[in-house]
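Heads up: the structure comes next, in structure tokens.
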Amino acid sequence: MLEIKLVREDTDKVREALKKRGEGTGILDTILNIEEQRRDVLKVVEDLRQSRNRLSQEIGYLKKEGKDASGLLTDAKSISDQITEKENRLRELEDKALQELLLIPNIPDESVPVGKDETENKEVRIWGNRPEFSFEPKNHWDIGEDLDILDFDRASKIAGARFVINKGAGAKLERALMNFMLNLHTKEHGYTEIFPPILVNKESMTGTGQLPKFEEDLFRENSKGLYLIPTAEVPVTNIHRDEILREEDLPIYYTAYTPCFRKEAGSYGKDTRGMIRQHQFNKVELVKFVKPEDSFNELESLTNNAEEVLKRLGLHYRVVALCTGDMGFSAAKTYDLEVWFPAQQKFREISSCSNFTDFQARRANIRFKRTGKKGTEFVHTLNGSGLAIGRTCAAILENFQQEDGSVIIPDALRHSMGTDTIEGKAKR
């Protein structure tokens with residue numbers, strides 16, 4: 001959430017940021033109109049309070065002199081009633097302004113390329129070489145079904161479209177990847193492992209920016225008003241909601257494996273086959289709480305942490321800086337990691353790493369106190385996938401497929417898998 005003072009006093013900056021994102025600016029006019037009403041009501045309240053104070057002094061004087069103050073008491077009661085009415089109106093306007101403010105996205109950092117959509121993202125670097133095949137490479141869903149390790153048809157029977165059953169070596173591969181990622185991030189990158197709730201309340205979803213704008217993409221449990229998480233970013237960031245951290249506590253690094261749930265409401269017709277866009281998927285998340293002056297350096301290191309997973313798996317990938325029109329609602333700057341899918345002959349996103357500056361911290365009221373200084377400041381929060389496990393499985397199947405239908409297991413996973421290949425077997 002942006003600071004209301006910024007919207008009031010530097011409206012042109014916010015308006016320009018919205019334009020860069022390709023967003024309409026009408027919401028700013030709405031907020032400023034509410035603010036004008038609020039200022040008018042506040043002026044009335046202040047005038048009424050002054051009148052009440054003058055009356056109170058006169059009433060005190062009359063009572064001290066033993067004179068009748070009943071008329072003034074009646075006037076004072078009338079003014080107090082008016083103040084109560086106007087204060088209620090003030091709260092209504094402040095709540096209304098807050099609800100509008102919650103719909104305004106974060107301001108992109110100056111280093112973010114300006115563009116309308118993903119076609120204007122900027123490649124930052126590329127790692128590894130594209131695998132070469134002496135045969136026509138197959139899509140991961142065909143590989144998985146041929147090896148009898150992925151079952152989309154039976155998953156559809158159980159839950160509907162956009163679900164998959166991982167079976168045998170397919171299930172083991174997901175588990176091996178989860179352990180590999182968590183071990184790397186905790187043992188070598190300094191993150192503390194968290195296993196959080198996967199059902200969260202409205203306040204948690206609001207704190208990280210999923211609500212109120214993106215409710216249509218969330219699965220909700222209606223009896224208690226809880227939501228299934230779309231990413232571990234939500235519960236992990238909210239660990240410190242409404243807390244004041246000490247400067248010496250920062251930075252804080254957390255990593256978490258969770259299942260994630262998304263309706264994919266805006267993806268009708270996209271990636272209807274395979275594991276790229278599922279309603280339920282597994283992911284390892286990286287979350288940071290840092291001091292404001294450190295956050296952009298921390299974004300670089302977080303991105304490097306996610307990249308290291310791909311490097312050790314030997315997967316060809318690139319890093320792109322998202323442009324203003326493609327960047328997420330809460331982010332001030334985002335890098336996407338995109339891994340090569342040979343059957344599609346294209347890079348596909350496997351991780352987004354973002355610096356949210358104080359946008360989430362302001363919504364979730366996460367602050368810190370500098371040693372020896374008065375007052376508090378909002379922390380900066382960051383997060384990134386480290387990585388999306390299902391997409392990583394899909395990338396391994398496609399990039400390491402062999403002509404005989406088998407799949408070579410990356411060295412980093414062979415100990416956990418107990419084998420160096422996934423071989424075909426008869427379906428049952």
Ranking by accessible area, most exposed first, for SER295, SER78 with a 1.4 Å probe: SER78, SER295
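Based on Cα coordinates alone, diagonalise the gyration tensor for segment 282-428, multiply each eigenvalue by 5, take square roots, and list the semi-axes in whole Å, largest first.
Working: eigenvalues 293, 51, 28 Å².
Taking √(5λ) for each Cα gyration eigenvalue gives 38, 16, 12 Å.
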In angstroms, what radius of gyration and Dmax does segment 49-136 have, counting Cα atoms only? 32.9, 108
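Starting from 0.36 nm per residue, how many nanometres of slack lie between THR74 and GLN280 once their C-alpha separation is accounted for?
Numbers: separation 206, 0.36 × 206 = 74.16 nm, distance 6.49 nm.
Result: 67.7 nm gained on full extension.
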Full-extension gain in nm, ASP294 to LYS116, via 0.36 nm per residue minus C-alpha separation: 61.2 nm
Arrange the residues ILE276, ILE194 by how much accessible surface each exposes, largest first, with a 1.4 angstrom probe. ILE194, ILE276
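Give me the percent relative contact order of the chain, please, defined on Cα pairs under 8 angstrom at least 6 residues apart. Please list the in-between numbers first.
Details: 792 pairs, mean separation 86.7, N = 428.
Relative CO of the chain lands at 20 percent.
Hey, got the dipole for the chain? About the Cα centre, +1 on K and R Cβ, -1 on D and E Cβ, debye to the nearest 20?
On the way: 65 positive and 72 negative charges, 184 e Å.
With Lys and Arg at +1 and Asp and Glu at -1, about 880 debye.
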List the equivalent ellipsoid semi-axes of segment 88-210 in whole Å, largest first, each obtained as the square root of 5λ for an eigenvalue λ of the Cα gyration tensor. 40, 25, 20
Of the candidates TYR317, GLN402, PHE378, the farthest towards the positive dipole end of segment 276-405 (Lys/Arg Cβ +1, Asp/Glu Cβ -1, centred on the Cα centre) is PHE378
Report the gain in length on full extension from TRP127 to ALA171: 0.36 nm times residue separation, minus Cα-Cα distance, nm rounded to one decimal. 13.0 nm
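Based on Cβ point charges of +1 for Lys and Arg and -1 for Asp and Glu, what charge dipole magnitude is obtained for segment 138-177 about its Cα centre, in debye rounded to the nearest 20? Each step should come with its number before you reach the end.
Numbers: 7 positive and 7 negative charges, 41 e Å.
The dipole of segment 138-177 has a size of about 200 debye.
Identify the chymotrypsin sites (Phe, Trp or Tyr not before Pro) of segment 247-282 meeting these criteria: DSSP loop state and at most 15 other C-beta atoms within 10 Å of the C-beta.
Listed in order of number, the matching sites are TYR268.
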Residue (of GLN82, GLY71, SER51) at the positive-pole extreme of segment 37-112, dipole from beta-carbon charges: GLY71
Compute the distance in nm between two label points, each set 7 Å from the Cα along the Cα-to-Cβ direction, one at ASP420 and one at ARG39. 7.4 nm
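Counting each DSSP H run of 4 or more residues in the chain as -39500 (n - 2.57), what helix-only mean residue ellipticity at 222 nm follows after dividing by all residues, to the nearest 500 deg cm²/dmol? If you can, show how the numbers build up before the last one.
Working: 13 runs with 176 residues, N = 428.
So the helix-based figure for the chain works out to -13000 deg cm²/dmol.
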Hey, got the Cα dimensions of the chain along the principal axes, in Å, largest first? 106, 46, 37
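The values are calculated or read from the model by the stated rules, or taken from the named source; none is laboratory data. These figures come from a predicted structure and were not determined experimentally. No Cβ is skipped: glycine too gets one built from the backbone with ideal geometry, and neighbour counts run over all protein chains shown. To get the accessible areas, we keep the full protein, side chains included, count just its heavy atoms, and leave off ligands, DNA and RNA. Shrake-Rupley method; radii C 1.70, N 1.55, O 1.52, S 1.80 Å.
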